[in-house]
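Peer 1: First the structure, then my questions, so here it is.
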Amino acid sequence: MAVNSHWSQEKIRYALIAAFGALIGWIIGNLWLGIAVTFMVYCAWMLYQARQVDKWLQKGAKRSTAPDTVGVIGHIEQLIFRRKQSNSVRKQRLKKIVGWYNRSAAALPDGTVVTDGYHEIVWANDAAFRYLGIRGSRDAGQRIDNLVRDPVLQEYIRSSDNDSEEIEITSPVNRNMTLSIRRVTYAENLYLFTARDISQRVQLRETRAAFVANASHELKTPLTVVSGYLEMLGDDKTLPEQTQHQIRMAETHAQRMTDIVTDLLTLSRLENQELEQSQLQELPVANILDETVAALSTPEANFLVETDNSLWLLGSETEIKSVCTNLCQNAAQHNEPGTQISVKWSRNAAGDAVLSVTDNGKGIDPQHINHITERFYRVDGESGGTGLGLAIVKHIVNRHHGQLNIESSIGVGTTFSVSFPDEVVLIRENKTRTAINS
């Protein structure tokens, strides 16, 4: 309505100017000349006002120095001032929000560093100096990996798809401090790095691992002695049948305890020792699976094996054999006799080598799927085994840069699949064979 009112006034002004020009033309005896001269004077006056507004804008468009204008130019001047005032309010609001953000980020207990797309530092809080030695006011424009020269961090930065991962590095400021680093992409060409002190968590983890390893070592020797004496007693046929039965039960439990100790030692080694290059070998996985199935085959366990001999794996022979044994044994042990178990070793469309063990057994309830790789976790009603086999499998697969996936449906069956990336897959002869073991 304000715009319509302005243009109504402007039309009235034009009409008055035309009438005044007509009057001048009538006086001088030339109507159109009078109107033309009048409008030329009006245009010159408008140009003068526009020049005054231009000077006002160049000097900062302060309200106190605004020129006195009318008409279209005056309306434009009012719009400019209103927009400037609105922008000023918006800037103040944004400045306040940025101030709140900076104070909040500065108060975070974790070290926080913002970098651009080239990983050059844009901003850092006070904790970043305590943990990483990075001071925002001093190190702005520096690459973060030039200031924190850790090979793990540099590899982490070079990788483009790792926002969901965390790495652990030693603090460059305090060698006794372990940091958890995570990078998050939160805007176009901006990255947020957070550094958290996890020294206590690492210490607890190492203490737990040391306790498990030491306790397992201490248990292994007496268990060996107990098992030896039980075996000797079991060979004595003069003992009553009831006593022999009790000895056999004791032998079974002693063996189970020995298996648990052995698996705990294996887990401790997997958690605390890196997979060294010297441990890697070229492995014919198809042959390993044949040997595994042959050792596990019984009249109650029906195995169908389909393997691609062209697929070899670069890995630890002991660990890959453990994966094959645990997955096949798990399928045979936790299903009814006669269950069909399919073992397949092949390559998928992405180029990864995939080991899958599928059964048509009772299946696993969905609530257990995310927990069955945890230590000692058991599905309700199950017995036997050490409860550590799948935990061992998960650790070994991670050490070989693979991924363990579990799919199951009640009454339909379960599939355990392990995919190994192209970097550890080797191609040899091309031959696929199917074997049935029962």
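The values are calculated or read from the model by the stated rules, or taken from the named source; none is laboratory data. As the structure is a prediction and not an experimental result, all values here were calculated from the model. Cβ sites come from the backbone with ideal geometry, for glycine too, and all protein chains shown count toward neighbours.
Peer 1: Quickly run through region 272-312 and pick out the residues that are touching a helix residue (DSSP H, G or I) at 6+ places or on another chain (Cβ under 6 Å) and of a type outside the set (Val, Ile, Thr).
Peer 2: Answer for region 272-312, where residues must be touching a helix residue (DSSP H, G or I) at 6+ places or on another chain (Cβ under 6 Å) and of a type outside the set (Val, Ile, Thr): Asn272, Leu275, Gln281, Leu283, Leu289, Leu296, Ala301, Phe303, Asn309.
Peer 1: Gln367 fails exactly one of the following numbered conditions: (1) surrounded by fewer than 18 Cβ atoms within 10 Å (Cβ to Cβ); (2) modelled with pLDDT of 85 or more. What is the number of that condition?
Peer 2: (2) is the only condition that Gln367 fails.
Peer 1: Then there is this: Go over the candidates Leu275, Leu289 one by one and state the one that is in a helix (DSSP H, G or I), under 34 Å from the mean Cα position of the chain (by Cα), closer than 30 Å to Ser342 by Cβ and of a type in the set (A, V, I, L, M).
Peer 2: Answer to the check: Leu289.
Peer 1: Take the conditions among the charged types (D, E, K, R), farther than 30 Å from Thr266 by Cβ, at pLDDT below 90 and not in a strand (DSSP E or B) and apply them to Arg103. Does it pass?
Peer 2: On the way: among the charged types (D, E, K, R): yes; farther than 30 Å from Thr266 by Cβ: yes; at pLDDT below 90: yes; not in a strand (DSSP E or B): yes.
So Arg103 fits the description; yes.
Peer 1: Moving on to the next point. All but one of (1) closer than 21 Å to Leu388 by Cα; (2) crowded, with 22+ Cβ neighbours inside 10 Å hold for Ser316, so report the exception by its number.
Peer 2: If we test Ser316 against (1) closer than 21 Å to Leu388 by Cα; (2) crowded, with 22+ Cβ neighbours inside 10 Å, just (2) comes out false.
Peer 1: Pull up region 110-127, narrow it to residues that are in contact (Cβ under 8 Å) with a residue 40 or more places away in the chain and over 22 Å from the mean Cα position of the chain (by Cα), then point me to the one that is farthest from Gln154 (Cα to Cα).
Peer 2: Step one: of region 110-127, the residues in contact (Cβ under 8 Å) with a residue 40 or more places away in the chain are 110-117, 119, 122, 127.
Of the ones still in play, those that are also over 22 Å from the mean Cα position of the chain (by Cα) are 122, 127.
Working: Val122: 18, Ala127: 21 Å.
If we take residues in region 110-127 being in contact (Cβ under 8 Å) with a residue 40 or more places away in the chain and over 22 Å from the mean Cα position of the chain (by Cα), then Ala127 is farthest from Gln154 (Cα to Cα).
Peer 1: Would you confirm, using the coordinates I've provided, whether Ser346 is more than 23 Å from the chain's Cα centre (by Cα), touching a residue at least 24 places away in the same chain (Cβ under 8 Å) and outside any helix (DSSP H, G or I)?
Peer 2: Against the criterion (more than 23 Å from the chain's Cα centre (by Cα), touching a residue at least 24 places away in the same chain (Cβ under 8 Å) and outside any helix (DSSP H, G or I)), Ser346 qualifies.
Peer 1: Counting only residues that are part of a loop (DSSP other than H, G, I, E, B) and buried (at least 16 other Cβ atoms within 10 Å of the Cβ), which one in region 294-309 is modelled with the highest pLDDT?
Peer 2: Once the filter is applied, the top-ranked residue is Asn309.
Peer 1: Where in region 126-245 are there helices (runs of 4 or more DSSP H), lying wholly inside it, with at least 2 residues that are out of contact with any Leu (no Cβ under 7 Å at 6 or more places or on another chain) and aromatic (Phe, Trp, Tyr)?
Peer 2: 199-234
Peer 1: While we're looking at this one, here's another question. Looking at this structure, is Gln200 under 24 Å from Leu270 (Cα atoms) and either in contact with a strand residue (DSSP E or B) (Cβ under 9 Å, 6 or more places away or on another chain) or at pLDDT 85 or above (or both)?
Peer 2: Criteria met by Gln200.
Peer 1: Here is a follow-up. In region 326-353, what count of residues is obtained for those that are β-branched (Val, Ile, Thr) and crowded, with 20+ Cβ neighbours inside 10 Å?
Peer 2: Qualifying residue count, region 326-353: 2.
Peer 1: In addition: Give region 20-35 a look and list any residue that's assigned to a helix (DSSP H, G or I) and either charged (D, E, K, R) or surrounded by 13 or more Cβ atoms within 10 Å (Cβ to Cβ) (or both), or say none. Walk me through how you get there before you give the answer.
Peer 2: Of the residues in region 20-35, the ones assigned to a helix (DSSP H, G or I) are 20-28, 31-35.
Once the filter is applied, which keeps residues that are assigned to a helix (DSSP H, G or I) and either charged (D, E, K, R) or surrounded by 13 or more Cβ atoms within 10 Å (Cβ to Cβ) (or both), region 20-35 yields Phe20, Gly21, Ala22, Leu23, Ile24, Gly25, Leu31, Leu33, Gly34, Ile35.
One line per residue, one yes/no per condition, for (1) of a type outside the set (A, V, I, L, M); (2) in the same structural domain as Asp116 (by TED's automatic domain parsing); (3) over 18 Å from Gly111 (Cα atoms); (4) touching a Ser or Thr at 6+ places or on another chain (Cβ under 8 Å):
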{"position": "Gly136", "(1), (2), (3), (4)": "yes, yes, no, no"}
{"position": "Asn146", "(1), (2), (3), (4)": "yes, yes, no, no"}
{"position": "Ile157", "(1), (2), (3), (4)": "no, yes, no, no"}
{"position": "Glu165", "(1), (2), (3), (4)": "yes, yes, no, no"}
{"position": "Ile169", "(1), (2), (3), (4)": "no, yes, no, yes"}
{"position": "Arg175", "(1), (2), (3), (4)": "yes, yes, no, no"}
{"position": "Ala187", "(1), (2), (3), (4)": "no, yes, yes, no"}
{"position": "Leu192", "(1), (2), (3), (4)": "no, yes, no, yes"}
{"position": "Val212", "(1), (2), (3), (4)": "no, no, yes, yes"}
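Here is a yes/no grid of residues against (1) among the aromatic types (Phe, Trp, Tyr); (2) under 20 Å from Asn189 (Cβ atoms); (3) at pLDDT 90 or above:
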| residue | (1), (2), (3) |
| --- | --- |
| Lys91 | no, no, no |
| Asp110 | no, no, no |
| Thr115 | no, yes, yes |
| Arg130 | no, no, yes |
| Gly136 | no, yes, no |
